[in-house]
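Here the structure is laid out as structure tokens; the discussion comes afterwards.
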Amino acid sequence: MSLQMVSTVSNSSLLQPGFSLLNFDGHVFFFGQKGWPKRSCPTGVFLLDIKQNELKMKPVFFSKDSCYLPPLRYPALCTLRSDARADEYQYIIHGGKTPNNDLSDKIYFINLVSKTSKKMTFQCIEKDLGGDVPEARYGHTINVVHSRGKSMSVLFGGRSYTPLAQRTTETWNSVVDCLPSVFLIDFEFGCCTSYMLPELQDGLSFHVSVARDDTIYILGGHSLQNNTRPPNLYKLKIDLPLGSPAVTCTILPGGISVSSAIVTQISDTEFVLVGGYLSDNQKRLACNTIVLEDNKIEIVESVGPEWTPDIKHCRMWFGCDMGKGSVLLGIPGANKQIIPDANYFYILRCKGAEEDKEEELLTQTCSQTSSEDPGDSTPFEDSEEFCFSAEANSFDADNADTYNEDDEEDESETGYWITCCASCNIDINTWVPFYSTELNKPAMILCSSGAGHWVHAQCMDLSESMLLRLSEANVKYFCNKHIDLNKGLQTPQKVACLKKPPMKPLRRKKTMKLSTPAKKSFLRRLFE
């Protein structure tokens, strides 16, 4: 094994725990960015261009008939082929978390429809399902099995929010393990069927699943209810006759106690297991080789790479399978970095140089990687993620379409979990609903000062009745900081002048008219 550091160009903050990778025609595509997509790449899907140990991201386009695909973190993801030996394939994406921490229960099909030296175009289609539809979840796995010329998808595990009927103010945003049901999904007819097997007693999440033909092996995982990582090793066998499917489960010895591990395929029958956690505060630095032959599984310890001091001493790590025996690993950057939320990235190559050649992934794999969203119960499960994917191949295109994060808004200024004012006390880890209309995110209101900005209604000391009145009325709102400024800048209202009644003209007193001789006689008497 060899470990090599790669540098990122002005966009490493988009690659946060929870991302996934897709592999089409040897090219690696990134999906599940931090925050909502921006105008530079509205699809939220990027081509990872790796040249000379430098990683660049280039936007990818969607066809006109595609549906909207939100940036989902920790989804279940795997490839779907018409049969186990088919060359063409597409990806299935189910569940995951949106940037608002909402959980998705939707399922998407994504495939590459056109490729040029400067433009990659995907088609994304949402599938409707009936029957026992799996609830919204994350940290689960999905695989495709092939039996008797038929194919079905198998979904298992994961976490979801506490059911509404069981929520309290203190546990409103708490997550729980999903029931240990096995879901069989027939995409040809769009129906789901769930199976409860006696061998599967506890819910699991952030486990590893590897599929070959009609068999799925489930390894490790974390039980949130017991806060344990039992050394699980389950064998699910799916038989697809003309009638109803038959699902059987066998508990095998030789499992490994690990969660959030990463699996990459190095040959038709061999896989390498790296990363993950042994406990809440201990990373797993050992590596294992998994061999699937003759309808059985063999797990042996293998020699790992020479881990760098930064990897050995970091408190968390995350990563993803890049395919063809390569793994992309990330560790948190130092606090003194100029770029916030930036990470360091490494490429771990598990195959020798003589073995590093093009070969099809005939075995369907689905791996748990290392990053879960902050706010859940255990500290190191907060660094778990789920993904499956691709190969670190360079893409021979110019740099004209390289994504530049500096052209975008600061991510800290958007979203529900911002610091809206100096006295803001809304924290994603401790927040509980304050208004009856809130569920899993705080209520916000737009301040109309300047270009406008969003503030939390709770931080503005708004009552619920006032919040409802403002949301229904078509009026401008100003936050506590700008309300006085807005009053000072307002133009005084024009006061209507009072109408004064017209004054009546004064009547002149009637005077006696005197003739000229009489005037003279009168004046003479007056002055005598």
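The values are calculated or read from the model by the stated rules, or taken from the named source; none is laboratory data. Quick caveat, the model's predicted, so the values are computed rather than measured. Here Cβ is always computed from backbone atoms with ideal geometry, including for glycine, and neighbour counts include all displayed protein chains. Note: accessible area is taken over every heavy atom of the protein model, side chains too, but ligands, DNA and RNA are not part of it. Shrake-Rupley method; radii C 1.70, N 1.55, O 1.52, S 1.80 Å.
Part of a loop (DSSP other than H, G, I, E, B), surrounded by 15 or more Cβ atoms within 10 Å (Cβ to Cβ) and either of a type outside the set (Gly, Ala, Ser) or in the same structural domain as residue 158 (by the TED database) (or both): is that true of residue 184 in this structure? Reasoning before the result, please.
Details: part of a loop (DSSP other than H, G, I, E, B): no; surrounded by 15 or more Cβ atoms within 10 Å (Cβ to Cβ): yes; either of a type outside the set (Gly, Ala, Ser) or in the same structural domain as residue 158 (by the TED database) (or both): yes.
In short, no.
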Practice item. Might you let me know whether segment 294-306 holds any residue that is in the same structural domain as residue 76 (by the TED database) and touching a Pro at 6+ places or on another chain (Cβ under 7 Å)? Key: no
Check your understanding: Residues 18, 26, 35, 44: which one is closer than 23 Å to residue 78 by Cβ and surrounded by fewer than 20 Cβ atoms within 10 Å (Cβ to Cβ)?
Key -> 26
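Go over the candidates 257, 244, 267 one by one and state the one that is over 30 Å from residue 194 (Cβ atoms), small (Gly, Ala, Ser) and outside any strand (DSSP E or B).
Details: 257 fails: over 30 Å from residue 194 (Cβ atoms); 244 fails: over 30 Å from residue 194 (Cβ atoms).
Going through 257, 244, 267 in turn, the sole match is 267.
Considering 239, 280, which residue is among the charged types (D, E, K, R), assigned by the TED database to the domain that holds residue 216 and within 29 Å of the chain's Cα centre (by Cα)?
Numbers: 239 fails: within 29 Å of the chain's Cα centre (by Cα).
Among 239, 280, only 280 is among the charged types (D, E, K, R), assigned by the TED database to the domain that holds residue 216 and within 29 Å of the chain's Cα centre (by Cα).
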Study note, to complete from the structure: Checked segment 305-337 for anything open to solvent by 30 Å² or more (accessible area, probe 1.4 Å), in a loop (DSSP other than H, G, I, E, B) and not hydroxyl-bearing (Ser, Thr, Tyr); matches are 306, 315, 316, 334, 335, 336, 337
Check your understanding: From the list 400, 457, which residue is farther than 30 Å from residue 204 by Cα, at pLDDT below 50 and among the aliphatic types (A, V, I, L, M)?
Key -> 400
